[in-house]
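Remarks on the structure that follows.
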Amino acid sequence: MSPKITGGELGSRKLKSPKGMSVRPTPGRVKESLFSILLPRIEGANVLDLFAGTGAIGFEAASRGAARVVSVEAHRETAAAIEESAKELEVDDRMSVVAAPVERALYRIEGPFDIVYLDPPYADPVPLQLFRLMLERKLLAPEAIVVYEHAAKRILPQIPGYRSVREEVYGDVGLAFLTPES
C-alpha cells in the first residue's frame, strides 16, 4: 500500500513505493502527531530525512512549508521513487535525494539543518556514530531538533553531545526528541 501525505498543501496525495522493497513506513497517526509537535518549527526549516524509505517524512515537511528537504536513502530504486514523487508533486525545487548509505551521505551534504528525522531499521543498534558525525560535520543548527524513531520497547542510552527534550510512544513506535548540547 502506498503511503499518503497526511497534511499541508500536499495532504492526501499518494507516494510511490518500489515493488518488493521492504520499507517500514511510519504509521499515519505517528506522522500526524510528529508534525503537530514540529509545527512551530517547520515553516522555512531545513529538514534532513535519514533512512528516508518512501520519503514520506520529507514530503510531509515540504507539504507543511519546509524551505529545503534532503532525503537520504541507500536503496537506489527507492531513492529514484522519491525523486519521481518530488517531480510529480512539484516540490523538486525544495527536495533533493542522496542515494547513498547514511554514513557516506553525511560527508556529502551541507547543513545546517533545523530538523533531522532519523529512522534506521529497528533491529540496528542505536546509531551513536551518526549522532556524532552530525555534530562533527556541523550539520545541525544551534536549536536543531533530532527526532529518532525506534522500537518503543528499546531503552535509549544517553547520546553523547545531545540532551533529550521529549519522548513519545505510539504503540510499537517510540520517538525521541533530542537537541545538541551547546
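The values are calculated or read from the model by the stated rules, or taken from the named source; none is laboratory data. In this text, all values refer to a predicted model and were calculated from it rather than measured experimentally. Every residue, glycine as well, gets a Cβ built from its backbone with ideal geometry; the counts of neighbours run over all protein chains shown.
Computed quantities for the displayed model
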{"quantity": "Sole residue being under 23 Å from residue 136 (Cα atoms) and aliphatic (A, V, I, L, M), chosen from 30, 47", "calculated": "47"}
{"quantity": "Residue match in segment 33-52 (condition: of a type outside the set (Gly, Ala, Ser) and at pLDDT below 90)", "calculated": "no"}
{"quantity": "Residues of segment 146-182 satisfying the condition of being among the hydrophobic types (A, V, I, L, M, F, W, C), part of a loop (DSSP other than H, G, I, E, B) and surrounded by fewer than 16 Cβ atoms within 10 Å (Cβ to Cβ)", "calculated": "152, 155, 156"}
{"quantity": "Residue within segment 113-121 that is free of Cβ contacts under 8 Å to residues at least 40 places away in the same chain and over 19 Å from residue 46 (Cα atoms) present", "calculated": "no"}
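Residue-by-condition table, conditions (1) within 16 Å of the chain's Cα centre (by Cα); (2) modelled with pLDDT of 95 or more:
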site: 137; (1), (2): no, yes
site: 148; (1), (2): yes, yes
site: 155; (1), (2): no, no
site: 161; (1), (2): no, yes
